[in-house]
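Notes follow the structure.
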Amino acid sequence: MSELFKGRIAVLGMGYVGLPTAVAIATRGIDVVGVDINPATVAAVSRGEVPFIEPDLAVAVSGAVAMGRLTAASEPPDADAFIIAVPTPFHEDRTADLSCVRAAAEQIAPRLRPGNIVVLESTSPPGTTERVSGWIGALRPDIRMPHDGDSSSDIFVAHCPERVLPGRTMIEIVTNDRVVGGLTQQCAEKAASIYRLFAQGEILLTDAASAEMAKLVENAYRDVNIAFANELSMITEALHIDVWEVIRLANRHPRVNILSPGPGVGGHCIPVDPWFIVSAAPELARLIRTAREVNDRRPHYVAEQVVAKAKRFRSPTIACLGLTFKANVDDVRESPAIEVVSLIADALADTEILISDPFVDALPTQLSGYSNLHLENAYQAVERADIVVLLVEHEPFRAIWHNRLGGKVVYDTRGAWR
Ligand code: SAJ
């Protein structure tokens, strides 16, 4: 029988991954302390509230807090295991910014006692788990860390990359297979004992560097496939062929599955993670780099198409529907829709642009400086517009009747109104 973790767990980072992980563990009867540097987040979680929208998360958090299993704090407490789920953005040169991971490792170092487990969940370049062990070891020469391959370390350090899809987090956190990569075999087994508490998928044990690379590869694979769809969409547009029809037909081949074109690739993962591979092997990662460039260029292409359509009118009104990075979430991080809107607003400074998003109640800061942009209800925006640009296929937008779009120039970047 495989070992199941017993004890108390601290989860560092109460964001889109840390909070669902904390609650998944707490609902299995384990005491979990959620740690965050943002006092507002700590206060919200302590009240049983979730500071962002994710289906089914709010009810799970309020239940775990009411049962006393989940608490929140601004400093890590003493615990038996520590899970690090903090952001790993990139620097201007696109190398990984590990400052949050390092700060978390250094915060837990003074708390560690022999037998403790440290798991890095943050998406990280190869070698980061070993560096976490090294950073802790530098502060705690009194304990044996596993980064030098010592198979009998006092502390067990592993990487278990998060793989949940925003919008489906509470389902996928339970059902996804998990990769657990240890600095030693024993580290992997100890860390797996935590995930066995709540994961129904298979738990795949490996070494830390393979786990780090597998996670980056998953997102790079998706990025390359989306880039293929985006490039295809530009080629078909130039040839006056309907891309959605081409994809529908090609996907009837048993070994073809083309993804959907869109206004670009957003969020905090897919536009970031492939760069960690590129910076690890710049000469070799040619396809991965090109895919990133194709997807990064995409908002410019979409904005240019809209501006060209607007030039056909004397004084057009443009409706842009959707601001978030993808459908049915409230997350605007790295949103290509925001980039498209700001590019259009820059190019058409005298044109009224109405923006609508049922998941966003105020203009994001990147758009707040434009006097020609206004938030509007979707039906009003469509009603008043000469040009309607669909940037995010939120469910309520799908319901906009075709007869409301009649007589207008429609640019559906997501194929939602086909
Ligand atoms: N997109 C397209 N066309 C598509 C699919 C997506 O343009 O056919 C766009 C979306 O609109 C969005 C971006 O790509 O702007 C990314 O969206 P997504 O739904 O593909 O992925 P994320 O960023 O929400 O989550 C990804 C997932 N990774 C993979 O599917 C390989 C998720 O499982 C990871 O846990 C997550 O990254 C992460 O945190 O790394």
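Just the accessible area per residue of the chain, please: how many Å² with a 1.4 Å probe? The partial results should precede the final answer.
On the way: 18700 Å² over 418 residues.
Heavy-atom accessible area per residue stands at 45 Å².
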Inter-label distance, nm, simple model (7 Å from Cα along the C-beta direction), R168/S74: 3.8
Estimated dipole of region 260-412 in Debye, rounded to 20 [Cβ of Lys and Arg +1, of Asp and Glu -1, Cα centre]: 520
List H402, H159, ordered by accessible area with a 1.4 Å probe, largest first: H402, H159
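Using a Förster radius of 25 Å, what is the FRET efficiency between F52 and A103 based on their Cβ-Cβ separation? Nearest 0.05, please.
Values: r = 22 Å, r/R0 = 0.87.
So the FRET efficiency works out to roughly 0.70.
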Residue among G267, G182, G68 with the largest mean-square fluctuation in a Gaussian network model of the chain, springs linking Cα atoms under 10 Å: G68
Within a Gaussian network of the chain (alpha carbon springs, distance under 10 Å), most fluctuating of G407, G137, G15: G407
Surface share of carbon and sulfur [accessible, 1.4 angstrom probe, percent] for the chain: 52
Inter-centroid distance (Cα atoms) of region 223-237 relative to region 275-327, Å: 11
Spatial extent of the chain: Rg and Dmax, with the Cα atoms as the point set, Å: 23.4, 75
Gain on full stretching of the segment that runs from E395 to Q185 - 0.36 nm per residue minus C-alpha separation: 71.0 nm
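Place a +1 charge on the Cβ of each Lys and Arg in the chain and a -1 charge on the Cβ of each Asp and Glu, then give the dipole magnitude about the Cα centre in debye, rounded to the nearest 20.
740
Quick one: dipole size for region 282-326, taken about the Cα centre, charges +1 on Lys/Arg Cβ and -1 on Asp/Glu Cβ, in debye to the nearest 20.
Details: 10 positive and 4 negative charges, 48 e Å.
Dipole about the Cα centre, nearest 20: 240 debye.
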Listed residues H394, H240, H268 arranged by accessible area, highest first, probe 1.4 Å: H240, H268, H394
For region 255-262, Karplus couplings with θ = phi - 60° (6.51, -1.76, 1.60), whole Hz, Gly/Pro x: 10, 10, 8, 7, 7, 9, x, x
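Please compute the length gained on full extension between Q380 and L287, using 0.36 nm multiplied by the number of residues separating them and subtracting their Cα-Cα distance. Spell out each step's value before the answer.
On the way: separation 93, 0.36 × 93 = 33.48 nm, distance 4.32 nm.
In short, 29.2 nm is gained.
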At R0 = 35 Å, FRET efficiency that the Cβ-Cβ distance of A362 and S62 yields, to 0.05: 0.85
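In region 8-216, how does Rg compare with the Kirkwood Rh, expressed as the Rg/Rh ratio over alpha carbon atoms?
Numbers: Rg = 15.8 Å, Rh = 16.8 Å.
Rounded to two decimals, Rg/Rh equals 0.94.
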Cβ-based charge dipole, the chain, positive-most Cα from M234, P114, Q200: M234
Top of L249, L390, L165 by mean-square fluctuation, Gaussian network on the chain, Cα under 10 Å: L249
Sites V256 and S152, calculated FRET efficiency, Cβ-Cβ separation with R0 41 Å, nearest 0.05: 0.20
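Pulled fully out, how much extra length does the chain show between R94 and D330, if you take 0.36 nm times their separation in residues and subtract their Cα-Cα distance? Before the final figure, lay out the partial values.
Values: separation 236, 0.36 × 236 = 84.96 nm, distance 2.57 nm.
Fully extending the segment from R94 to D330 adds 82.4 nm.
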Distance between modelled label sites at D177 and R314, nm, 7 Å Cα→Cβ extension: 6.3
Surface accessible to a 1.4 Å probe, C100 within the full protein complex, Å²: 50
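Which value in deg cm²/dmol, rounded to the nearest 500, describes the helix-derived mean residue ellipticity at 222 nm for the chain, given -39,500 (n - 2.57) per DSSP H run of n ≥ 4 and division by the residue count?
Working: 15 runs with 166 residues, N = 418.
Only helices count here, giving -12000 deg cm²/dmol.
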Separation in nanometres of the label points that stand 7 Å from Cα toward Cβ, at F228 and R28: 3.6
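The values are calculated or read from the model by the stated rules, or taken from the named source; none is laboratory data. A quick note: this is a predicted structure, and the numbers were derived from the prediction, not measured. Note that we place each Cβ from the backbone using ideal geometry, even for glycine, and neighbour counts take in every protein chain shown. Note: accessible area is taken over every heavy atom of the protein model, side chains too, but ligands, DNA and RNA are not part of it. Shrake-Rupley method; radii C 1.70, N 1.55, O 1.52, S 1.80 Å.
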